[in-house]
Amino acid sequence: MEVSSAKGVSPPHLRHDGRRAATFIAPALTIYLLIIMAPTVATVWISFTEWRGIGDSPEFVGLDNYRHLFRSDTFWGSFNRTLGILAVGGLLVFFFSFLFTMLLREMRAKKFLRAVLFFPNVVPPVALAIAWGVLLAPRNGLLNGFLEAIGLDFATRTWLAPDIIFRSVIAGLVWIYTGFFVTILMAGVDRIPKHFYEAADLEGASSRQKLFRVTLPLTWDVLSVAAVLWVITAIKTFEFIYAFGGSGTDPSIATWTLPVQVYAVALGNRSPIFALGQGSAIAVVMVVLVGFLVVLIRRIMHRRVVEF
Amino acid sequence: MESVLELGAAKRGARLASKGFGRLFVWVWVLFSLAMLAWLILAAFKRNNTVFRDLWALPDSNELQNFSDAWDLLNLAQTTLNSLLTVGGGTALTMAVAAPAAYALTRMRFRGASPMVSFFALGIGVPVHAIIIPLFVGLSEVNLTNSLWGLTLTYMGVSMPFAVFLMTGFFRSLPSELEEAAVVEGASPLRVFSVMLPLARPGMVASALIVAVGLWNEFLLALVLTYDEGKRTIGVGLLNTFGAMRYTSNWVGLFASVVIMLTPLIILYTWLSRRIIEGLTVGATK
């Protein structure tokens with residue numbers, strides 16, 4: 001999310017509008033500070049306390065919540081699953097989005113295909129989770145039913161069994177988010193002037209050369225934004241996993257990720273334990289993870305943007 | 001010479017084949033999504049006792065009963081109203097304050113504009129989970145939990161970073177001639193802003209759509225911040241219907257609920273998908 005401030009050429013009468021600008025910005029800033037920033041800071045503070053919520057007074061316990069977390073297998077399970085979405089899901093999402101972006105470029109129904117690919121991103125995650133559940137249901141599921149119908153009985157699986165349910169979750173997320181990243185990457189690729197490819201074709205460049213010499217360097221900034229967006233999306237994605245993992249009930253622990261665990265220990269589930277300090281500590285881990293990875297990506301991908 | 005040509009032809013053939021295979025794969029993926037949607041819609045018209053027995057059968061009768069069940073399960077009249085109020089209100093308020101902010105951040109020259117845009121963008125990275133606990137406590141202090149007002153205010157807050165970020169992209173892309181002309185004629189900053197606003201309308205519409213769709217589909221905040229039956233939004237209604245399935249096993253009623261929630265989205269999407277998609281990409285590529 002590089003923000004290039006318009007440089008230089010501002011006419012004198014538009015300069016130094018600080019005070020006027022403040023009145024335009026103040027309402028948005030106030031809401032932002034009140035609803036996002038202040039609670040984030042409060043969450044950090046709550047993570048150093050033990051607190052059962054309203055009616056209880058928070059007791060300062062220092063780093064106890066974190067110590068407890070780092071010794072808990074449940075936490076590391078959630079943590080690793082979150083990293084699994086990030087890495088495995090990310091690899092798949094970017095592989096497919098790249099492939100589709102390159103393929104769609106030359107396909108006639110491009111706009112239609114892109115719209116369908118993107119569609120899951122405007123559908124309520126609960127509805128997606130219901131659909132995914134119906135697809136993968138062990139008995140009478142669409143996928144197993146389909147495999148049997150075409151004679152591939154041996155390929156049927158109990159897709160929701162604890163040992164593979166999380167793979168089913170990742171597959172679902174890849175299905176949902178690929179369309180989103182196709183859209184972003186395509187916008188970057190569409191900006192590349194056609195004559196670059198024509199020139200490459202004239203010189204007899206292969207598809208691979210075109211990918212590495214033209215497409216990648218010229219979409220590098222868009223790629224970097226996409227990578228940042230993926231980190232944020234992957235770490236905070238919650239609703240699909242929550243609804244899918246629980247089929248409408250408490251999600252099975254085999255599908256817990258960091259946000260699901262925050263919800264489970266602090267707020268929700270049928271028998272909430274309202275461990276607000278614990279929950280906040282996990283939320284802080286999430287924020288730190290996002291921050292760390294975003295800075296890392298910006299560092300790695302920071303390279304002179306090719307102007308064209 | 002001939003063998004080189006042949007080799008080239010073979011290579012080209014292989015390339016064409018792999019491209020054809022790739023295109024086929026895109027179509028399979030797309031048809032898979034469409035088939036799933038079609039199956040859900042058809043299933044919403046089927047009978048509960050046969051829906052999973054004959055997976056691929058067409059509905060044998062117009063089972064509109066499912067939809068009236070769904071209407072009750074979702075408490076649709078109430079939840080739709082609540083969703084419209086909170087999502088509509090939240091979106092309108094977000095736009096009303098995000099637009100001037102984005103305008104000032106991109107079109108007025110002052111020190112700190114650029115870090116300020118980054119500061120707003122920072123909020124995109126904050127997960128709802130990192131704010132929800134203090135938010136619940138804070139809102140209950142001022143009696144705004146279990147209140148549609150409280151939820152609307154929250155929706156406004158969580159949409160703000162992305163809305164500001166998106167709209168700075170739009171405002172930055174506007175030409176400055178009109179603005180300068182207005183300034184030269186001595187228009188006040190507010191007047192200049194109102195001159196620029198119509199130019200930014202496509203961007204505003206796209207941002208509003210993206211914000212509204214996101215809020216319409218949201219259920220975590222609504223679930224935590226409201227708890228009375230009468231305060232539920234449609235997203236929470238669908239989640240509860242899904243949860244109640246454990247006891248009722250009324251699958252077709254659930255499918256009908258999904259179809260009810262999807263219908264406005266499908267209509268909106270067929271009509272405006274280009275705006276949504278292109279609006280979304282401005283922020284990423286500008």
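Any read-out appearing in this document is the output of simple, stated calculations on the displayed coordinates, not a laboratory observation. Computed from a predicted model, the values in this text were never measured in an experiment. Methodologically, a virtual Cβ is constructed for each residue, glycine included, from the backbone with ideal geometry; neighbour enumeration extends over all protein chains shown.
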By the Cα gyration tensor axes a ≥ b ≥ c (a/c under 1.5 gives rounded; else a/b larger than b/c gives prolate, otherwise oblate), the shape of chain B is oblate
Residue B:210 neighbourhood, Cβ < 12 Å, K/R = +1, D/E = -1, net charge 0
Taking the square root of 5λ for each eigenvalue of the C-alpha gyration tensor of the stretch A:70-205, the equivalent ellipsoid has semi-axes, largest first and in whole angstrom, of 34, 21, 15
For the stretch A:28-301, averaging the sequence separation of alpha carbon pairs under 8 Å that lie six or more residues apart and dividing by its residue count, the contact order in percent is 29 percent
For residue A:73 and residue A:167, extending 7 Å from Cα along the Cα-Cβ vector and measuring point to point gives, in nm, a value of 2.2 nm
Beyond 23 Å, the calculated P(r) of the stretch A:28-301 holds a percent of Cα-Cα pairs equal to 63 percent
Listing A:68, A:195, A:302, B:129 by rising number of other beta-carbon atoms within 10 angstrom, fewest first, gives A:195, A:302, A:68, B:129
With -39,500 (n - 2.57) per DSSP H segment of 4 or more residues and division by the full residue count of the protein assembly as shown, the 222 nm estimate, nearest 500 deg cm²/dmol, is -22000 deg cm²/dmol
Taking the convex hull of the alpha-carbon atoms of the protein assembly as shown and averaging its shadow over every direction gives an area in square nanometres of 31.3 nm²
Taking A:220, B:216, A:76 and counting other beta carbon atoms within 10 angstrom, the fewest-first order is A:76, A:220, B:216
Checking B:255, B:110, B:25 against a Gaussian network model of chain B (alpha-carbon springs below 10 Å), the top fluctuating residue turns out to be B:25
Ranked on Cβ counts within 10 Å of their own Cβ, fewest leading, A:298, B:232 go A:298, B:232
Output row, site residue A:300, 7 Å Cα→C-beta label point, backbone N cut-off 15 Å, window the stretch A:79-116, residues A:83-95
Over 24 Å (Cα to Cα) among A:111/B:46; A:110/B:46; A:110/B:19; A:111/B:19; B:46/B:231 -> A:111/B:46; A:110/B:46; B:46/B:231
Here the membrane-span-like helices of chain A, with no claim about any membrane, defined by DSSP H, Cα axial extent at least 27 Å and mean Kyte-Doolittle at least -1.0, are A:165-190, A:276-301
Here the membrane-span-like helices of chain B, with no claim about any membrane, defined by DSSP H, Cα axial extent at least 15 Å and mean Kyte-Doolittle at least 0.0, are B:2-43, B:76-107, B:148-172, B:201-217, B:234-248, B:251-285
Computed curve, the stretch A:44-103, Cα-only Debye sum without solvent term, log₁₀ I(q)/I(0) at 0.16, 0.19, 0.24 Å⁻¹, is -0.68, -0.78, -0.95
